[in-house]
Amino acid sequence: MSRSIRLFLPEPLFEGAVLRAPGAQSHYLGVVMRRKAGDSVSLFNGRDGEWSARVSELRRDGAVLAVERQLRLQSPKSAVGLAFALLKRDATDWLVQKATELGAGELWPLTTERTSAERLNSARLAAIAREAAEQSERLDLPTIHGVSKLPDFLAAWTRGRTLFAAIERQSAAFPPPAGEMSPALLVGPEGGFTQAELDLLGRHPFVEPITLGPRILRAETAAIAGLALLQAPPRG
């Protein structure tokens, strides 16, 4: 059995809608996945759940898709977020992909005193997140915020929302499952936060230090491990 194909389209989804997918998605359907007119695909837009659609036409400049029936109702967007110090391009791309697969609802790229990169390609990261959402069967895309400096990010943080800061070589608890909370995970750069940054974090009551175990993890590994712990079923 060939695997199901899922596409993200921002347009409203409802029975009888006729939508046009852009050329890149038409190429993916016809050339990469070898689909043809009459074949079925699944569509989602982050608002209307998931819908079955039929390929009506495949052309180089776009595909025409006829929406037929709803497959899944829209689920609430995950309240768990991830704030991370920017890494080199490949590592940042990988992190955004895996965080999307794990269901992170928001991503905040940050610059810190030891950050090795200060720029990111927002369009590329949005495309990576979209493809990861299509593959992982989630029904929405994460919100990817613009790059901000760590002090500015902390100053703008929503009071009452816990920010779990993964800090190595410290005595602290593992992050608890999010449950009904809407927390976020903060992961620093390779080399960790500077002492000045640790002091800054300590001055904010919403920041809660956590540990991810006895070993020193790469920044991207720490982010994925922390997200997995936050989204685990409640223990008890």
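The values are calculated or read from the model by the stated rules, or taken from the named source; none is laboratory data. Computed from a predicted model, the values in this text were never measured in an experiment. Ideal geometry is used to build each Cβ from the backbone, glycine not excepted, and the neighbour counts take in all protein chains shown.
Values for this structure:
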{"item": "Enumeration of residues in segment 120-166 that are assigned to a loop (DSSP other than H, G, I, E, B), within 18 Å of the chain's Cα centre (by Cα) and on the phi < 0 side of the Ramachandran plot", "result": "L120, N121, R138, L139, D140, L141, P142, H145, G146, V147"}
{"item": "Number of positions in segment 88-122 that are in contact (Cβ under 8 Å) with a residue 40 or more places away in the chain, in contact with a Ser or Thr (Cβ under 9 Å, 6 or more places away or on another chain) and either closer than 23 Å to R138 by Cβ or not assigned by TED's automatic domain parsing to the domain that holds L198 (or both)", "result": "6"}
{"item": "Output for segment 46-81, where each listed residue is part of a loop (DSSP other than H, G, I, E, B) and over 30 Å from D152 (Cβ atoms)", "result": "R47, D48, G49, R60, D61, L73, Q74, S75"}
{"item": "D48 vs. criteria acidic (D, E), within 21 Å of E137 (Cα to Cα) and crowded, with 18+ Cβ neighbours inside 10 Å", "result": "yes"}
{"item": "Which numbered condition L13 fails, given (1) crowded, with 19+ Cβ neighbours inside 10 Å; (2) at pLDDT 95 or above; (3) assigned to a strand (DSSP E or B)", "result": "(3)"}
{"item": "Some residue of segment 82-93 being within 13 Å of Q231 (Cβ to Cβ), at pLDDT 95 or above and in a strand (DSSP E or B)", "result": "yes"}
{"item": "Scope segment 28-45; condition closer than 25 Å to P142 by Cβ, in contact (Cβ under 8 Å) with a residue 24 or more places away in the chain and buried (at least 16 other Cβ atoms within 10 Å of the Cβ); matching residues", "result": "L29, V41, S42, L43, F44, N45"}
{"item": "Scope segment 104-120; condition touching an Asp or Glu at 6+ places or on another chain (Cβ under 9 Å) and surrounded by fewer than 18 Cβ atoms within 10 Å (Cβ to Cβ); matching residues", "result": "E113, R114, S116"}
{"item": "Of the criteria (1) in a helix (DSSP H, G or I); (2) at pLDDT 95 or above, which one L186 fails", "result": "(1)"}
{"item": "Filter result for S42 (outside the structural domain of F164 (by TED's automatic domain parsing), at negative phi, in a strand (DSSP E or B) and in contact with a strand residue (DSSP E or B) (Cβ under 8 Å, 6 or more places away or on another chain))", "result": "yes"}
